[in-house]
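The values are calculated or read from the model by the stated rules, or taken from the named source; none is laboratory data. Fair warning: this is a prediction, and the values are worked out from it, not measured in the lab. We place every Cβ from the backbone using ideal geometry, glycine too, and count neighbours over all the protein chains shown.
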Amino acid sequence: MKENQLDGIHFLISCEHGGNRIPSAYRRYYASFEGLLRSHRGYDMGALRMGREFAALLKAPLFASTTSRLLVDLNRSIGNPRLYSGATQDAPPHVRKQILERFYFPYRDAAEADIAEAIREGCKVIHISSHSFTPELNGEVRNADIGLLYDPVRAPERDLCKRWRAGIRARAPALKVRRNYPYRGTSDGFVAYLRKRFLPDVYTGVELEINQKHVFSGAHHWAELRRQLLETLQEVVRSAKFSASHRSRYSGKGASAMP
């Protein structure tokens, strides 16, 4: 059994928008994009710190990218018009292909392979994808502190998010925790792609969204919020009722990946 497995659960943490780095080979496309690279458009502020701490607590593998989403968005599917930013969407086809081969496919393939291996070993996978969102977008103030994104049709995801939300609210009543906000959990993304590859009995994928206002609210406040999220998730997955319900849904090895 792997070190990060808890009662037959294999945790995986990912962070698709962890940094705003542009590799030197492509910097010539970004002369007019410096401001965007430093903004929420360039990366998810605080998401990598949160992802690293989840991985450390759960002894889970962390798949994280520090390359900016403005190079290629690892959280978008091939064919999505937002896969490339304005800087790269008009780059020559061979450049865009090279970016996919160097950054996009290796990241997604490695995470998917880790999930598949854990399932082959008989484990249930819980995947937390760490993100953050800007407090205001297009003049609209986002009305949440924490967002938990999931597919309501998949019972394990619905159950996990219901219990996690209840745990956060009990620990920190002042926090507004919303499900499938500020985005729908079924929107195009890496987790949504993985749901098509793995059955709900063995793969639970949740996107955690943190309002970036907390990242800038002072070191103590930000540290306390991270601690609350870490501890409440750990409490949920350690609860006997949660673990038992997931064991009863697991149907054994094999037939876990969808064609």
Checking Gly79 against (1) out of contact with any helix residue (DSSP H, G or I) (no Cβ under 7 Å at 6 or more places or on another chain); (2) small (Gly, Ala, Ser); (3) touching a residue at least 12 places away in the same chain (Cβ under 8 Å); (4) in a loop (DSSP other than H, G, I, E, B), which test does it fail?
(3)
Looking at region 193-224 only, could you name the residues that are without any contact (Cβ under 8 Å) to a residue 60 or more places away in the chain, in a helix (DSSP H, G or I) and buried (at least 16 other Cβ atoms within 10 Å of the Cβ)?
Arg195
Of the criteria (1) surrounded by fewer than 23 Cβ atoms within 10 Å (Cβ to Cβ); (2) modelled with pLDDT of 95 or more; (3) of a type in the set (S, T, N, Q), which one Ser132 fails:
(1)
Can you name every residue in region 155-186 that is crowded, with 17+ Cβ neighbours inside 10 Å and in contact (Cβ under 8 Å) with a residue 60 or more places away in the chain?
Pro156, Asp159, Leu160, Arg163, Trp164, Gly167, Ile168
If we keep just the residues of region 155-184 that are part of a loop (DSSP other than H, G, I, E, B) and among the basic types (Lys, Arg), which is farthest from the chain's Cα centre (by Cα)?
Lys176
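Which of the residues that make up region 98-133 are in a strand (DSSP E or B), closer than 25 Å to Gly46 by Cα and over 13 Å from the mean Cα position of the chain (by Cα)? Spell out how you get there, then give the answer.
Going residue by residue through region 98-133, those that are in a strand (DSSP E or B) are 124-133.
Among the residues that remain, those that are also closer than 25 Å to Gly46 by Cα are: 125-133.
Listed by number, the list holds a single entry, Val125.
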Which members of region 135-154 meet the condition of being surrounded by 18 or more Cβ atoms within 10 Å (Cβ to Cβ) and part of a strand (DSSP E or B)?
Ile146, Gly147, Leu148, Leu149
Going through region 82-118 in order, the residues found to be without any contact (Cβ under 8 Å) to a residue 12 or more places away in the chain and of a type in the set (Asp, Glu) are Asp90, Glu101, Asp109, Glu117
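Residues in region 29-62 that are part of a helix (DSSP H, G or I) and either over 22 Å from Val95 (Cα atoms) or not acidic (Asp, Glu) (or both): how many? Working first, answer last.
If we filter region 29-62 for residues that are part of a helix (DSSP H, G or I), which is where we start, we get 29-30, 34-37, 47-58.
From what is left, the residues that are either over 22 Å from Val95 (Cα atoms) or not acidic (Asp, Glu) (or both) are 29-30, 35-37, 47-58.
Matching residues across region 29-62 total 17.
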Any pair with Cβ under 9 angstrom, 6 or more apart, that starts in region 44-60 at a residue that is closer than 11 Å to Phe11 by Cβ and ends at one that is aromatic (Phe, Trp, Tyr) and at pLDDT 95 or above:
Phe54/Phe11; Ala55/Phe11; Leu58/Phe11; Lys59/Phe11; Ala60/Phe11; Ala60/Phe54
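Residue by residue through region 211-234, note down the ones that are charged (D, E, K, R) and within 18 Å of Ala166 (Cα to Cα).
Glu224, Arg226, Arg227, Glu231 - these are the residues of region 211-234 that are charged (D, E, K, R) and within 18 Å of Ala166 (Cα to Cα).
If a residue has to be over 14 Å from Arg69 (Cα atoms) and assigned to a loop (DSSP other than H, G, I, E, B) to count, how many in region 13-28 make the cut?
Step one: filter region 13-28 for residues over 14 Å from Arg69 (Cα atoms), giving 13-14, 24-25, 28.
Going one step further and asking which of them are assigned to a loop (DSSP other than H, G, I, E, B), we end up with none.
Of the residues in region 13-28, 0 are over 14 Å from Arg69 (Cα atoms) and assigned to a loop (DSSP other than H, G, I, E, B).
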Go through the residues of region 96-112 one by one and say whether even a single one is charged (D, E, K, R), in contact with a Phe, Trp or Tyr (Cβ under 9 Å, 6 or more places away or on another chain) and at pLDDT below 95.
no
All positions within region 68-98 that are β-branched (Val, Ile, Thr) and within 16 Å of Arg27 (Cα to Cα):
Val72, Thr88, Val95
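Out of Ala56, Ala60, Ala25, report the one residue that is in contact with a Phe, Trp or Tyr (Cβ under 9 Å, 6 or more places away or on another chain) and more than 13 Å from Phe190 (Cβ to Cβ).
Values: Ala56 fails: in contact with a Phe, Trp or Tyr (Cβ under 9 Å, 6 or more places away or on another chain); Ala25 fails: in contact with a Phe, Trp or Tyr (Cβ under 9 Å, 6 or more places away or on another chain).
It is Ala60.
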